[in-house]
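Following: one structure in structure tokens, then a few remarks.
The values are calculated or read from the model by the stated rules, or taken from the named source; none is laboratory data. Only a predicted model underlies this, so the values are computations on that prediction, with no experimental measurement involved. Cβ sites come from the backbone with ideal geometry, for glycine too, and all protein chains shown count toward neighbours. What goes into the accessible areas is simple: the full protein's heavy atoms, side chains included, and nothing from ligands, DNA or RNA. Shrake-Rupley method; radii C 1.70, N 1.55, O 1.52, S 1.80 Å.
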Number of protein chains: 2
Amino acid sequence: MARTLPHPSPTAAAAPARLIARHRTTLDRALTAVRTREHWSPYPEDTRVYGPGGAADGEASLRALLGRPFELGQPGRDGTVGPAPERGGERSPYGFDLGISYAHHDPAVLLPALAAALPAWRDAGPEVRAAVCLEILDRINARSPEFAAAAEHTSGHNPVMALHAGAVHAQDRGLEAVAYAYAEQTRLPASAHWRKPQGPGRTVDIHKRFTAVPRGISLVVGNSVFPAWNGYPGLFASLATGNPVLVKPHPAAVLPLALTVRLAREVLAEAGFDPNLVCLAPEHPGEGLARRLATAPEVRLVDYSGRTAFADWLHEHARQARVFTALSAVNSLLVESTGDYRDMLANLAFSVSLYSGQLCTSPQNLLIPRGGIATDEGHKAYEEVVADLGTALDALLGDDGAACEVLGALLGPEVLARVDLAMSGALGPVGVPSRAVRHPAYPDAVVRTPVVVTLDAARDADRATLLAERLGPVCLAVAVDSAAAGVELVAETTKTCGALSVGLYSVSEEVTEAMTAACAEAGVMLSTNLMGDWYISQSAVYSDLHGTGMNPAGNAVYSDGAFVAERFRTVVVRRYGGAT
Amino acid sequence: MARTLPHPSPTAAAAPARLIARHRTTLDRALTAVRTREHWSPYPEDTRVYGPGGAADGEASLRALLGRPFELGQPGRDGTVGPAPERGGERSPYGFDLGISYAHHDPAVLLPALAAALPAWRDAGPEVRAAVCLEILDRINARSPEFAAAAEHTSGHNPVMALHAGAVHAQDRGLEAVAYAYAEQTRLPASAHWRKPQGPGRTVDIHKRFTAVPRGISLVVGNSVFPAWNGYPGLFASLATGNPVLVKPHPAAVLPLALTVRLAREVLAEAGFDPNLVCLAPEHPGEGLARRLATAPEVRLVDYSGRTAFADWLHEHARQARVFTALSAVNSLLVESTGDYRDMLANLAFSVSLYSGQLCTSPQNLLIPRGGIATDEGHKAYEEVVADLGTALDALLGDDGAACEVLGALLGPEVLARVDLAMSGALGPVGVPSRAVRHPAYPDAVVRTPVVVTLDAARDADRATLLAERLGPVCLAVAVDSAAAGVELVAETTKTCGALSVGLYSVSEEVTEAMTAACAEAGVMLSTNLMGDWYISQSAVYSDLHGTGMNPAGNAVYSDGAFVAERFRTVVVRRYGGAT
């Protein structure tokens, strides 16, 4: 059996009162930010803040983890996952095996251990829980370069995205969830005195106590693309509302969540809580562990990011739990007209190239009126726009080293297969071909520039092609009859396939209004005329909402009231206080 | 075809700006009350406030409705419900047919009419919607005696309860839901300006607009016991968040909701909105209309109060909708010790008698330690407590006229059958017999005092008897081994059968703590040592939460954030504002 971590009294530095004193200002600042929606973050985006070596420190930390067992000290160990890929070990998309092994645990031991940790955590109350969560996030933040390196070598992020989505922005999403959870739990006072006049000269007195009570065990099922960014909202929303959290990582991206769980357990133990409040459950290849855990009666919350098919399975079978999902999306962008053609093309080229189009917010379908568009450089035919996008892509990605900084690496062979399919012409004529890029440091990394396929929305076969998610560097340039037809196709795509982000380039008020109305009705965020270095795929934490819950791209919103409100319930105790 | 109401420009008095000016203070006051949980209500509990004739005015208004068609002017009329009971007409539990007929509507016409009303209502925004809802509630409030009379002669309420649960407290629950809906929709600003430093000397500007977007059509399926009190939370929460609301009343209690819908339509039309935002859908006997409506793709929200079996059906089949439920409950009360034996008995006697135990919060199981209890009048054996409760019931209900003021009338033959079964001794020995009461004004009303059956929790057959809901004047006095066993049985009953309200009489800190912990874990409100005229079955709007969502008595809470948060979603529009 695995040794279990000691469960000590809190250390002086991590005593709950100290943690509150240390983090209360940050919590209040986050509460203000989510109310005003202004730009703010306590987590710097510059690697150099985190150590003299910057990203190199992260690489060094990662190297120290490679080729060894990763220990968490959880109860119920009954096997080993990895290190060989065929036994569940991870392989870097940059072309080497991580060689890390993880303990596998018996759910029949693990789940009761999580449940046993609940009462003391529930009784600690919302403020202590928020402070402990912020300490965990601080501890994670201090090691951001290590988390970035882990993100690069599990999800294939480029270095900048790894620091952003793999570390600081994920921490932001975690803090945002903690702020929402805290706000929701403190809408009621802890206690109240209720006095009601009951007829002439008489009053009844009731003392009331309101206690936030967690739902039960919370299961977070991670993905391979953004395990931290998609995992932290559910993890921290559940933990902050009093629920123990079991993290089932994606087999291809265990490390980022293993590092997270380790730090969470460390902080919980130091603060005097049972570290088993947060546990990791890696799985053997083909085990189907998520299904078993999600349907366990003790599991009352499930956060899943990934494929629609498994989300449907969860909704069907995990009926004892509240299931939050963040799923596949087909994001559309309508190019109708622009006052800044060059800047628009540069922005588009970057948007479709960033992380090889593997973001859930990457634009896939570029809709362009068949008759062309009006620009500050005059009228541009559909074909010209596609060709000019190709030129912009060349400018951005012409140099292999620079290209890798934007593209990162392809997640796996299934993504490469999509590129190859598009390049074969099977989807439609290739407007801009993909190019194999050689990574200067990792010769085995699979890196490709985007392929742009030209389609026509008037053709049924092309409509079927564009109404399906093709995650990866595959961009569909779709000719549409008119701006109005484009707006309609955006709405249809959103309603049919789900979408997280819709874009529009237009100088027309009428087109903008039509698209705004269509997006309100279909339920998707709209971004208009983005230029410079702000892109449709980006989501500003504390300001933008990620997801709407209104279309098939999932029912979770990072973060709104609904994302936290059902993770706990309130129990009232009424004590008669006499009558006068 | 039915004529449709005109859809005029707003009248001067009901223009949205005027409505906001009229109701903003009340809305703000309600927002304060739900935050502080103090006693407050804008709706007086005294009938005389509502007219010189008090309750008599309500009776007169009701008489004017009897024996006639009730017109709403909705589209798609395709038949008539009632007036004969065998054709769906209502019969007063006080012993006469109401003789009212209602239009039946084709859902294929009605649902599109509701959907067509959505966009303008959505675009009106949260503040206008709240003001219109408050105007509707004011209009309802002004006719409280009429609503009370309707409640008496559909649900069989006694006159005081009819004014409370049938009118003013239902209005309070509606206002509470509007306040929660408004607060939730205004957590985000309507718009924000986001400025982010992007590297040295550069800043990106994004203008953002946040719009609350409703889910779709909301279906409220009413019950026969408290159609207004259980119906208004969902109706007003949905309407205030922008959703058109279709009300499917219980066949036995159409009138209270028909009156409600009529006033809502009147106010909506006066305010310049489509009255079809709120429609009524009475059904033919055996039609199963709720099933058809609940599974219509346009219906995205369902509020149901009633039986567990139909709630399970809804969760299974109405998968396109978010389903809120308020269901059967078995409420327990442990009598362990008391410092005021007489007052406790009087409070208990009233609690089990009020509305013949037909409230969802009525206590059913009185647990009493087999060895008796300590009181200010010395030790009392189990049998003595039961006998003394019988004496207290006699004192309360000895006079027929006074008894009717407390008991109201039995809802229907199924309730009488439960009394007869208990009186037969089939459940267990009868400790206090039920007595038939003759109503002084309505000789055909079926009125019964409570029967108290004595059970022993140590007997398996008795456990089965007490672990089932027996709505009506049937009280089970259950001998338990000890206070601890009583606490355990309360927890088991709550987890197995669902509960809305648990009571405890005890002077022991230890027992109180054990019961508090058990109720927190099982998820049910606890009331301790209630005396005087405040009872376990009462729920103070703006202060108490009705339901916890943690036990089988339903997933709806009147009102918490979760009750409103998912009735709308937020759509963001980001507009690039340049970079410097």
Going through (1) touching a residue at least 12 places away in the same chain (Cβ under 8 Å); (2) farther than 27 Å from B:VAL415 by Cα; (3) within 11 Å of chain A (Cβ to nearest Cβ) one by one, B:GLU513 fails only at (1)
Going through (1) within 13 Å of chain B (Cβ to nearest Cβ); (2) touching a residue at least 60 places away in the same chain (Cβ under 8 Å); (3) over 24 Å from A:CYS519 (Cβ atoms) one by one, A:GLN320 fails only at (2)
Inside segment A:559-580, the number of residues satisfying the requirement of being at pLDDT 95 or above, open to solvent by 10 Å² or more (accessible area, probe 1.4 Å) and more than 7 Å from every other protein chain (Cβ to nearest Cβ) is 1
Of the residues in segment B:548-558 that are in a loop (DSSP other than H, G, I, E, B) and more than 9 Å from chain A (Cβ to nearest Cβ), the one that is surrounded by the most Cβ atoms within 10 Å (Cβ to Cβ) is B:ALA553
Taking segment B:344-381 and keeping only residues that are among the hydroxyl-bearing types (Ser, Thr, Tyr) and on the phi > 0 side of the Ramachandran plot, one is left with B:TYR355, B:SER356
Checking B:ALA403, B:ALA409 in turn, the sole residue that is within 30 Å of B:HIS153 (Cβ to Cβ), aliphatic (A, V, I, L, M), open to solvent by less than 10 Å² (accessible area, probe 1.4 Å) and in contact with a helix residue (DSSP H, G or I) (Cβ under 6 Å, 6 or more places away or on another chain) turns out to be B:ALA403
| said: Suppose the filter is in a helix (DSSP H, G or I), more than 17 Å from B:ALA520 (Cβ to Cβ) and either in contact (Cβ under 8 Å) with a residue 40 or more places away in the chain or in contact with a Pro (Cβ under 6 Å, 6 or more places away or on another chain) (or both); does A:ALA252 pass it? | reply: no
Checking B:ALA21, B:ALA15 in turn, the sole residue that is open to solvent by less than 40 Å² (accessible area, probe 1.4 Å) and either assigned by TED's automatic domain parsing to the domain that holds B:TYR102 or small (Gly, Ala, Ser) (or both) turns out to be B:ALA15
Inset, instruction - Answer yes or no as to whether A:ALA499 is under 24 Å from A:GLN185 (Cβ atoms), more than 7 Å from chain B (Cβ to nearest Cβ), part of a loop (DSSP other than H, G, I, E, B) and in contact (Cβ under 8 Å) with a residue 60 or more places away in the chain. - result: no
When restricted to B:SER543, B:SER537, the only residue of a type in the set (Ser, Thr, Tyr), touching a residue at least 60 places away in the same chain (Cβ under 8 Å), out of contact with any Cys (no Cβ under 7 Å at 6 or more places or on another chain) and more than 7 Å from chain A (Cβ to nearest Cβ) is B:SER537
(1) touching a residue at least 60 places away in the same chain (Cβ under 8 Å); (2) outside any loop (DSSP other than H, G, I, E, B) all hold for B:GLY431 apart from (1)
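Here's the yes/no breakdown for (1) of a type in the set (A, V, I, L, M); (2) buried (at least 19 other Cβ atoms within 10 Å of the Cβ); (3) assigned by TED's automatic domain parsing to the domain that holds A:ARG262; (4) free of Cβ contacts under 8 Å to residues at least 12 places away in the same chain:
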site: A:ALA55; (1), (2), (3), (4): yes, yes, yes, no
site: A:ALA64; (1), (2), (3), (4): yes, no, yes, yes
site: A:GLY76; (1), (2), (3), (4): no, yes, yes, no
site: A:GLU86; (1), (2), (3), (4): no, no, yes, no
site: A:GLU90; (1), (2), (3), (4): no, yes, yes, no
site: A:ASP97; (1), (2), (3), (4): no, no, yes, no
site: A:ALA103; (1), (2), (3), (4): yes, yes, yes, no
Those residues of segment B:505-540 which are in contact with a Gly (Cβ under 9 Å, 6 or more places away or on another chain), buried (at least 22 other Cβ atoms within 10 Å of the Cβ) and of a type in the set (A, V, I, L, M, F, W, C) amount to B:MET515, B:VAL524, B:MET525, B:LEU526, B:LEU530, B:ILE536
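Conditions (1) within 26 Å of B:ARG463 (Cα to Cα); (2) open to solvent by 20 Å² or more (accessible area, probe 1.4 Å); (3) free of Cβ contacts under 8 Å to residues at least 40 places away in the same chain, marked per residue:
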site	(1), (2), (3)
B:THR361	yes, no, no
B:LEU366	yes, no, no
B:ARG370	yes, yes, no
B:ALA374	yes, yes, no
B:LYS380	yes, yes, yes
B:GLU384	yes, yes, yes
B:ALA387	yes, yes, no
B:ALA395	no, yes, no
B:ASP399	no, yes, yes
